[in-house]
Amino acid sequence: MTEATREAGALSSGGAPPFSPYEFLLAFRYLRARRKHGGVALIAWISFGGIALAVTGLIAVMSIMNGFRAELFNQLLGFQPHVYVDTREIPSGEIERLLVEIEAITGVKSADPVVTGQVLASSERYESVLQVLAVRPADLARMDVIRSGDDPRSLTGIQYGNLETFGEGHNGGDGIVIGTGVAQRLGVTIGDRVTFTAARAAPTVFGIRPQQKAYYVEAIVAAGVSTIDNNLAYMPLDQGQLYFNRSGVVDTIQIRLDVPEMAPQFVAPIRALAGPNALVYDYTRLDPAFFNALQFERTAMRLILSIVVAIAAMNIISGLVMLVKNKSRDIAILRTMGATQASVMRVFLIVGASIGMAGTLAGLLLGILFVTFIGPIQDFITWTTGAQVWDPNVYYLYRIPAKMDWGEVAFISVFGLAISLLVTLPPAWRAARLDPVEALRYE
């Protein structure tokens with residue numbers, strides 16, 4: 001009989017309460033015992049390492065996905081509004097009042113009147129169909145993506161030119177702002193002339209003819225989103241109203257919020273201000289399949305990586321099964337000295353839960369450190385491989401984005417501990433059901 005068994009027998013005979021010190025004493029001695037003494041120290045370390053690495057990977061991958069998702073939304077919603085109000089059924093005299101009331105709502109950053117239209121843009125050599133947004137110059141200047149160009153390292157924002165004379169004319173004509181993709185497709189740069197031909201013909205004294213006008217490129221911007229960079233052009237609101245025959249009216253009010261993710265919650269109060277004739281919707285309604293796919297991808301990745309954590313925790317079962325087999329004689333002696341089935345089961349639950357808890361905590365620490373120092377890690381990989389593994393010209397980012405969601409970290413922690421406890425139950429139950437007579441007879 002081992003020393004631990006003698007101490008356990010003495011304590012159990014005295015009616016020790018659940019999770020008493022002797023149960024923890026036995027559990028930790030079993031964890032430390034080497035294989036030649038019937039222990040599973042090596043398997044315990046393997047189980048610990050597997051859970052730690054799985055939890056680390058889960059935190060790292062989910063944080064990087066959150067970072068990419070946040071950067072995508074920052075770039076996409078830096079130009080794209082968060083809530084739209086279709087004003088075609090609203091009297092033109094009510095627009096200014098509506099703009100003031102919407103901007104007074106807490107959480108609304110701006111409400112911009114916009115005229116939209118489609119044109120055929122042509123330079124001296126090329127042509128391209130563009131979507132034109134006519135906005136007030138001040139509204140364009142305060143967009144997040146435009147302001148991001150103030151950082152010299154930023155790959156978004158104004159790349160060439162400036163907005164200082166936007167709306168005041170340039171080279172004897174009116175100016176426009178185009179995306180980098182549009183500039184490449186038309187083969188133009190700052191100061192070059194671009195001719196717009198409206199999709200709708202305009203009536204004149206000589207009959208119906210296409211509306212044409214020449215504009216000069218004042219600025220070239222990059223949003224980091226191909227659908228914006230390759231298809232959009234901006235012109236001053238008054239010029240857009242004149243060119244698209246919208247004298248004194250606007251097509252939509254584009255609303256930007258402090259927290260874009262809360263856009264669906266602003267639809268109802270804005271609709272109440274706009275009245276029953278206005279169509280109000282948020283950005284998720286423009287392409288619901290895209291945003292649903294993002295959410296599904298996030299959920300699916302979390303599920304897949306959670307399965308990896310569960311697989312890593314399975315090592316605990318093999319270790320405990322071997323421990324129960326090696327310690328069957330000790331278990332039988334404990335039972336004959338008064339230890340209950342519940343007490344034996346708790347001992348092995350403590351063994352498995354200790355491995356799972358230690359592995360989960362180590363994984364959390366490693367995962368947080370990985371996300372915190374992802375920049376130096378990226379530099380180290382680039383230095384060791386001698387290659388640029390992260391091309392900013394492709395991703396519009398200098399660093400791999402990583403954003404830690406503490407709610408997800410809490411979920412990962414609870415899941416790691418729960419799965420470790422669950423996989424411990426079968427071998428612990430087997431140990432508790434061991435018949436002491438049979439165990440001692442065939443020892």
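The values are calculated or read from the model by the stated rules, or taken from the named source; none is laboratory data. If you're wondering where the values come from, they're calculated on a predicted model, not measured in any experiment. Methodologically, a virtual Cβ is constructed for each residue, glycine included, from the backbone with ideal geometry; neighbour enumeration extends over all protein chains shown. Protein only, heavy atoms only, side chains kept; ligands, DNA and RNA dropped before computing areas. Shrake-Rupley method; radii C 1.70, N 1.55, O 1.52, S 1.80 Å.
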- Note on the structure: The one condition Ser247 fails out of (1) out of contact with any strand residue (DSSP E or B) (no Cβ under 8 Å at 6 or more places or on another chain); (2) of a type in the set (S, T, N, Q); (3) at pLDDT 85 or above is (3)
- Query: Mind checking which pairs have a first residue in the stretch 107-118 that is touching a residue at least 60 places away in the same chain (Cβ under 8 Å) and closer than 19 Å to Ser247 by Cβ and a second that is assigned to a strand (DSSP E or B) and hydroxyl-bearing (Ser, Thr, Tyr), Cβ under 6 Å, 6 or more apart or different chains?
  - Reply: Val114/Thr252
- Taking the stretch 298-308, which residues are open to solvent by 20 Å² or more (accessible area, probe 1.4 Å) and either touching a residue at least 40 places away in the same chain (Cβ under 8 Å) or among the small types (Gly, Ala, Ser) (or both)? Arg298, Ala300, Met301, Arg302, Leu305, Val308
- Message: So, in the stretch 115-158, how many residues would count as being of a type in the set (S, T, N, Q) and modelled with pLDDT of 85 or more?
- Response: 6
- Message: I need the full set of residues from the stretch 111-127 which are surrounded by fewer than 19 Cβ atoms within 10 Å (Cβ to Cβ) and assigned to a strand (DSSP E or B), in order please.
- Response: Thr116, Gln118, Leu120, Ser122, Glu127
- Message: Can you tell me which residue is least open to solvent (accessible area, probe 1.4 Å) among those in the stretch 239-259 that are among the small types (Gly, Ala, Ser) and closer than 15 Å to Asp112 by Cα?
- Response: Gly240
- Message: With the requirement that a residue be of a type outside the set (Val, Ile, Thr) and open to solvent by 20 Å² or more (accessible area, probe 1.4 Å), what does the stretch 227-236 give you?
- Response: Asn230, Asn231, Leu232
- Would you mention how many residues in the stretch 100-110 are in contact with a Lys or Arg (Cβ under 9 Å, 6 or more places away or on another chain) and not in a strand (DSSP E or B)? 1
- Candidates Ala214, Ala274 - the one that is open to solvent by 20 Å² or more (accessible area, probe 1.4 Å) and of a type in the set (Gly, Ala, Ser): Ala214
- helices (runs of 4 or more DSSP H) lying entirely in the stretch 318-414 (those with 3 or more residues that are modelled with pLDDT of 75 or more): 328-336, 341-372, 374-385
- Considering the stretch 260-271, residues that are out of contact with any helix residue (DSSP H, G or I) (no Cβ under 6 Å at 6 or more places or on another chain) and of a type outside the set (A, V, I, L, M), and then whichever is least open to solvent (accessible area, probe 1.4 Å), we arrive at Phe266
- Any idea which of Ala268, Ala233 is assigned to a helix (DSSP H, G or I), at pLDDT 90 or above and either closer than 29 Å to Ala214 by Cβ or among the hydrophobic types (A, V, I, L, M, F, W, C) (or both)? Ala268
- Mind counting the residues in the stretch 271-296 that are β-branched (Val, Ile, Thr) and at pLDDT 85 or above? 1
- Condition check for Ile105: of a type in the set (A, V, I, L, M, F, W, C) and buried (at least 17 other Cβ atoms within 10 Å of the Cβ): no
- Any chance the stretch 309-321 includes a residue that's open to solvent by less than 40 Å² (accessible area, probe 1.4 Å) and polar (S, T, N, Q)? no
- Single condition Arg88 does not satisfy, out of (1) in contact (Cβ under 8 Å) with a residue 24 or more places away in the chain; (2) more than 20 Å from Asp238 (Cα to Cα); (3) of a type in the set (Lys, Arg): (2)
- Message: Suppose we filter the stretch 271-306 for residues that are assigned to a helix (DSSP H, G or I), more than 24 Å from Arg97 (Cα to Cα) and of a type outside the set (S, T, N, Q); how many remain?
- Response: 16
- Query: Within the stretch 79-102, is even one residue within 30 Å of Glu297 (Cα to Cα), aromatic (Phe, Trp, Tyr) and over 22 Å from the mean Cα position of the chain (by Cα)?
  - Reply: yes
- Message: On the basis of being out of contact with any strand residue (DSSP E or B) (no Cβ under 9 Å at 6 or more places or on another chain) and assigned to a helix (DSSP H, G or I), does Arg97 make the cut?
- Response: yes
